[in-house]
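Asker: Right, I'll just put the structure down here and ask away after.
The values are calculated or read from the model by the stated rules, or taken from the named source; none is laboratory data. Computed from a prediction, not measured in an experiment: that's the story for all the values here. Every residue, glycine among them, receives a Cβ derived from its backbone with ideal geometry; neighbour counts consider all protein chains shown.
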Amino acid sequence: MDPITTFSGKTVALPIANIDTDQITPALFTKVTVKTGLGRILFAHWRYQGDFVPKPEFPLNRPGAQGATVLVSGDNFGCGSSREHAPWALVDYGFRAIISTSFADIFRGNALKNGLLPIVVDAAAHAEALKIAEQHETVSVDLPNQTLTLPGCGSVKFPIDAFSKKCLVEGIDQLGYIMKHEQAVSAFERATNSEES
Amino acid sequence: MVAPKTLFEKIWDAHVVASEPDCPVVLYIDLHLIHEMTSPQAFSGLRARGLRVRRPDRTVATVDHIIPTLNRAQAEIPPSTAELVRQIEKNCSDFGVALHGVSSESQGIVHVIGPELGLTQPGMTIVCGDSHTSTHGAFGALAFGIGTSEVEHVLATQCLLQRRPKTFEVKVDGSLPRGVTAKDLVLAIIARLGIGGATEHVLEYRGEAVRALSMDERMTVCNMSIEAGARAGMIAPDETTFAWLRGRRFAPKSFDAFRDLKSDDGARFDRTLEIDASRLEPMITYGTNPGMGMPISGVVPAETSKQALDYMGLKAGQRMLGQSIDVVFIGSCTNSRISDLRSAASVLKGRRVKARVLVVPGSLPIKRQAEEEGLDRVFREAGCEWREPGCSMCIALNGDELAEGQYCVSTSNRNFEGRQGKGGRTLLASPLTAAASAIEGRVADARQYL
Ligand code: SF4
């Protein structure tokens, strides 16, 4: 995973609340054994008619939205199943950040592990971001300083826990972090009598 | 004096392996359940790093999501499905993990077989690459769904990085009226909280109505905790729990160690919701997420979004009772246990259905038990399809799916757009409501059949 520090990106709006992982990556298309190439199935039921023929009216299919890397969605993005195919597909499509007022827990964790930044903003900033994204304007993200800059309306701070931020900024691998605690894990197993029998 | 703790806090504190400032804790996992849909990439990750499974003895696998529910010998398995089955078989054999697979007598939906085998136990931390892992909280375990990266973490280290969630007490007093089930209770709770209402929290269901629930019913309630956005749902273990577990294949011999597993008097929860069970009715959903549910005698709320109404082909202000339906699905990790089948059969006995009805038991042992009790005959004589165990039309990955525009009364847990097949319209309800609706070919109130 490449480190994330600052970047700017074109926006696209999907102003629907409670977008669940069955919409992000319909289960039917997740019968795969790899993580790659899933951008094609992103929002498949909404994005295509028939056999992968794009629906012109779907926001991602508009000409102006091509090359967008920041998605502005409605509240509570990513609810539903725990499938990591959702962030895999969003990242494969080209998204680097999602802006919403809230994210579902499991999705949020999955996104962060895949270098996809969930940006939580308040209702006022969200309304601005949606307007901007309707025009596909460019926003900039500064992760070390936790700021999102919206053209014409300045910067807003966004929250992120210190550990997730460090992992993203320094490209730290979380499995490696856990593995550094190997001795503590073994000690825990001995202390709780839960060693392999 | 030690500060009073909640059930969640007791289990959490007992599983913290390491905690550093500004970092999530390293949490020990007692039981890791895996299935074919969310594990292949995790095993590939292990191989790429040259790692082994740290505790194969605490890892248990099944095949459930994509498995055909028609006669297995004759079922045609598409290549994508066959590859998922092949991979989990190979991964389990290469890494020494027990697999209750396609040809096993204990195969079933992962959240059904964990408890059934006695693997799920009070006080444990349990994870699975599946959001309905919350089901196992019914036994007083801390159980939650994880993504595939985390599946890899647990395979490699038996640990997870976790931020401490907040606590949420759901206190249900009174008793459920006749014909109002655990499914109705949890649908009512989710309707009250909304689909994201419990995000970042662990729910603990308490109160006399919860104590009165059987284990099957408690599993139904905990199962759907995730539909309110909760990280997990749990119920303190009691004699009901111990009696249910006693004698199961992997169950503990003694339950003494679990008697203190409850929230202490005076323990503080971050939030509380109180519900009076005696005022509840059977519930049905009308929209495209599980929070969009209402009492069966009600009307579709005026504030329902246009997108949901258009998708569902419904109008604000209309009644759901009498809405014509095409399919009924009785199954899923929410409602596929023996008591669910008995309750549906009690309504269907001696009657004929006016819709396509799939009855899919949660596991092979449940299927056998139902056949011993003659429930399969009740279903068949009523005109239902009696199937092999699996997730089936809960997620529509195995060919069991709705056609575009069809309405289905389903005992599963999600009514998202396309969940049961592209363009399919799901109405979530209890097995009783599903059975009554099957008889009428319309959404019906089961209480008239009891
Ligand atoms: S029955 Fe449905 S909800 Fe349960 S594990 Fe299977 S697909 Fe998931």
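Asker: Having 2 or more residues that are surrounded by fewer than 19 Cβ atoms within 10 Å (Cβ to Cβ) is the bar; report the helices (runs of 4 or more DSSP H) wholly within segment B:190-309 that clear it.
Answerer: Passing ranges, in order: B:208-211, B:239-245.
Asker: Within segment A:1-111, considering only helices (runs of 4 or more DSSP H) that don't extend past its boundaries, which have at least 3 residues that are hydrophobic (A, V, I, L, M, F, W, C)?
Answerer: A:85-93
Asker: While we're on this one: For segment B:342-450, give me every one of the strands (runs of 3 or more DSSP E) that falls completely inside it and has 1 or more residues that are more than 27 Å from A:LYS31 (Cα to Cα) and in contact with a His (Cβ under 7 Å, 6 or more places away or on another chain).
Answerer: No strands (runs of 3 or more DSSP E) qualify here.
Asker: Confirm whether B:ASP64 is in contact with a strand residue (DSSP E or B) (Cβ under 8 Å, 6 or more places away or on another chain) and at the interface with another protein chain (Cβ under 8 Å from one of its Cβ atoms).
Answerer: Values: in contact with a strand residue (DSSP E or B) (Cβ under 8 Å, 6 or more places away or on another chain): yes; at the interface with another protein chain (Cβ under 8 Å from one of its Cβ atoms): no.
Criteria not met by B:ASP64.
Asker: I would also like to ask the following. Being in contact (Cβ under 8 Å) with a residue 40 or more places away in the chain and at the interface with chain B (Cβ under 10 Å from one of its Cβ atoms) is the filter here, so list the residues in segment A:83-103 that pass it.
Answerer: Correct list: A:ARG83, A:GLU84, A:HIS85, A:ALA86, A:TRP88.
Asker: Let me ask you something else. Could you tell me which of the residues B:VAL186, B:VAL154, B:VAL170, B:VAL180 is at pLDDT 95 or above and within 12 Å of chain A (Cβ to nearest Cβ)?
Answerer: B:VAL154 is the lone residue from the list that is at pLDDT 95 or above and within 12 Å of chain A (Cβ to nearest Cβ).
Asker: Among the listed residues B:HIS132, B:HIS153, B:HIS136, identify the single one that is farther than 18 Å from B:THR199 by Cα and under 20 Å from the mean Cα position of the chain (by Cα).
Answerer: B:HIS136
Asker: Also, I was wondering about something else. Quick check on segment B:331-361: of everything there that is within 14 Å of the ligand (Cβ to nearest atom) and among the small types (Gly, Ala, Ser), which residue is nearest to B:ALA434 (Cα to Cα)?
Answerer: My answer is B:GLY331.
Asker: Hey, among B:ALA42, B:ALA18, B:ALA3, B:ALA14, which residue is in contact with a helix residue (DSSP H, G or I) (Cβ under 7 Å, 6 or more places away or on another chain), small (Gly, Ala, Ser) and under 30 Å from B:ASP270 (Cα atoms)?
Answerer: Result of the check over B:ALA42, B:ALA18, B:ALA3, B:ALA14: B:ALA18.
Asker: Turning to a different aspect of this structure: Would you pick out the residues in segment B:2-16 that are among the aliphatic types (A, V, I, L, M) and buried (at least 22 other Cβ atoms within 10 Å of the Cβ)?
Answerer: Hits for segment B:2-16 are B:LEU7, B:ILE11.
Asker: Check B:ASP57 against each of (1) in contact with an Asp or Glu (Cβ under 8 Å, 6 or more places away or on another chain); (2) touching a residue at least 24 places away in the same chain (Cβ under 8 Å) and name the one condition it does not meet.
Answerer: So B:ASP57 meets the others, but not (2).
Asker: Let me ask something else. Checking the conditions here, which among B:ARG72, B:ARG86 is more than 16 Å from the ligand (Cβ to nearest atom) and in a helix (DSSP H, G or I)?
Answerer: Of B:ARG72, B:ARG86, the one residue that is more than 16 Å from the ligand (Cβ to nearest atom) and in a helix (DSSP H, G or I) is B:ARG86.
Asker: Among the residues in segment B:434-444, are any within 16 Å of the ligand (Cβ to nearest atom) and among the aliphatic types (A, V, I, L, M)? Break it down into steps so the answer makes sense when it comes.
Answerer: Applying the first criterion (within 16 Å of the ligand (Cβ to nearest atom)) to segment B:434-444 yields B:434.
Cutting the leftovers down to among the aliphatic types (A, V, I, L, M) gives us B:434.
The answer is yes; a qualifying residue exists.
Asker: I want to confirm something. Restricting to segment B:18-58 and keeping residues that are part of a strand (DSSP E or B) and surrounded by fewer than 21 Cβ atoms within 10 Å (Cβ to Cβ), which single residue is farthest from the other protein chains (Cβ to nearest Cβ)?
Answerer: Once the filter is applied, the top-ranked residue is B:VAL25.
Asker: Based on this model, can you work out whether B:GLU105 counts as away from the ligand (no atom under 15 Å from the Cβ), out of contact with any strand residue (DSSP E or B) (no Cβ under 9 Å at 6 or more places or on another chain), in contact (Cβ under 8 Å) with a residue 24 or more places away in the chain and not in a helix (DSSP H, G or I)?
Answerer: Considered against the rule, which asks whether it is away from the ligand (no atom under 15 Å from the Cβ), out of contact with any strand residue (DSSP E or B) (no Cβ under 9 Å at 6 or more places or on another chain), in contact (Cβ under 8 Å) with a residue 24 or more places away in the chain and not in a helix (DSSP H, G or I), B:GLU105 comes out as yes.
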